1. Could you list all residues from region 56-79 that are buried (at least 20 other Cβ atoms within 10 Å of the Cβ) and over 26 Å from PHE98 (Cα atoms)?
2. Mind checking which residues of region 88-104 are over 14 Å from ILE148 (Cβ atoms), free of Cβ contacts under 8 Å to residues at least 40 places away in the same chain and surrounded by 13 or more Cβ atoms within 10 Å (Cβ to Cβ)?
3. I want to confirm something. Restricting to region 321-342 and keeping residues that are charged (D, E, K, R), out of contact with any helix residue (DSSP H, G or I) (no Cβ under 7 Å at 6 or more places or on another chain) and assigned to a loop (DSSP other than H, G, I, E, B), which single residue is surrounded by the fewest Cβ atoms within 10 Å (Cβ to Cβ)?
4. How many residues, within region 216-238, are small (Gly, Ala, Ser), under 12 Å from the mean Cα position of the chain (by Cα) and under 26 Å from ASP8 (Cβ atoms)?
5. Given the criterion in a strand (DSSP E or B) and either closer than 24 Å to ALA197 by Cβ or modelled with pLDDT of 95 or more (or both), identify the matching residue among THR44, THR25.
6. Would you list the helices (runs of 4 or more DSSP H) that sit entirely within region 65-161 and hold 3 or more residues that are in the same structural domain as ASP8 (by TED's automatic domain parsing), farther than 29 Å from SER38 by Cα and touching a helix residue (DSSP H, G or I) at 6+ places or on another chain (Cβ under 9 Å)?
7. Among the numbered conditions (1) farther than 21 Å from VAL187 by Cβ; (2) at pLDDT below 90, tell me where ASP56 comes up short.
8. Kindly establish whether PRO218 is of a type outside the set (S, T, N, Q) and within 18 Å of THR321 (Cα to Cα).
Amino acid sequence: MASLELIDIRKAFGATPVLDGVSLTMEAKEFIAFLGPSGSGKSTLLRIIAGLETADSGEVRLEGERIDTLPPGRRGVAMVFQHYALYPHMTVRENMAFGLRNAKVPGDEIARRVAQAAAVLEIEAQLDKKPAQMSGGQRQRVAIGRAIVKQPKLFLLDEPLSNLDAALRMRTRVELAQLRQRVDAAVIMVTHDQAEAMTLADRMVVMNERRIQQVGAPMEVYRRPANAFVARFVGSPAMTLLPATLADGGDGHARVRLGDGTEVATRVARTGLPEGALELGLRPEHVRVAAEGTAATVELVERLGERTLVYGRLADGQAITAEDEGDSRARIGDKIRLRIDGAAAHLFGPDGAGHHAEEPRA
């Protein structure tokens, strides 16, 4: 049985639509990340699942039971907020037990659940401290612990790492990955950080303009983006998209011509491509600085240790991102050559829909 079903969820605030017919099925114990820019509707969708917002229409079902008509406390859902929302005058133990006491859970059961959650999160030594005595990472663990003790069927995490510094965010990301193996529940995390989504999630739900743009495993979304928005949004740096027109040749696969005259032989089937303007999509790892190839001028060099990203501009003024060795000699203003791997290229039609290289036959 599916853990969670969202059926045609619609929501507007006054005259402003926020969600427009969102449907999704989530499997038991699955970890899903809602990923998208600000204003895409991802946080509103999370709040509708939690019962903190009411959908204008549609249904939310958890393990087959419709829950959008139930109050938040009876939904079998626990939410971890971005800003921790801990009571400053209470100890960690009291914060974690507060919701259970309100639900009239027996005292010995509360103590057992708090001790168990503290062990899972490795915060036993913090139980008698107050939030002000703890680091941001420890407070985040307490917020997660407060959710764990409720033994929910579904965890909802609203940008849980956004208040942490870079080093602590990385460490807490690892802890979340380990934690999901220890809890018997599905998890939905809202984030705008694609590294978090790609590291933690079984599937990503990419949202934009009130709708789901693509659902899939992280690398599936990265390798075969459904449309130009997903191509630009997933991946750091973003995929390069270059205006292109169909050229002659290609032996059943599309051969395209760029604005500077460069021709690229792709592995995208020519049959089925739409009429009209196309865009050629290239990930940086598929454009390499080389001795021969397409001419470009270097505008920025980003040295990352094991590799170097070279941001350049083609002769027709189009921006392109390429990859070079870690000890790259490229400098701003240099004239360089780029080798484009057409076999890994993508094409996007006038409607933005993605067309990808044919999968190799087994």
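The values are calculated or read from the model by the stated rules, or taken from the named source; none is laboratory data. None of the values given here were measured: they were computed from a predicted structure. Please note: Cβ atoms are built from the backbone with ideal geometry, for glycine as well, and neighbour counts cover all protein chains shown.
1. Result: VAL60, single match.
2. THR91, GLU94 - these are the residues of region 88-104 that are over 14 Å from ILE148 (Cβ atoms), free of Cβ contacts under 8 Å to residues at least 40 places away in the same chain and surrounded by 13 or more Cβ atoms within 10 Å (Cβ to Cβ).
3. The initial filter retains those residues of region 321-342 that are charged (D, E, K, R), namely 323-325, 327, 329, 331, 334-335, 337, 339, 341.
Right, trim to out of contact with any helix residue (DSSP H, G or I) (no Cβ under 7 Å at 6 or more places or on another chain) and you get 324-325, 327, 329, 331, 334-335, 337, 339.
Subset that is assigned to a loop (DSSP other than H, G, I, E, B): 327, 329, 331, 334.
Working: ASP327: 8, ARG329: 11, ARG331: 10, ASP334: 15.
Taking the candidates together, the pick is ASP327.
4. 2
5. Details: THR44 fails: in a strand (DSSP E or B).
Within the list THR44, THR25, the selection yields THR25.
6. On the way: elements: 92-102, 107-121, 136-148.
Filter on region 65-161 gives 92-102, 107-121.
7. Here ASP56 clears every test but (2).
8. Numbers: of a type outside the set (S, T, N, Q): yes; within 18 Å of THR321 (Cα to Cα): no.
No: the conditions fail for PRO218.
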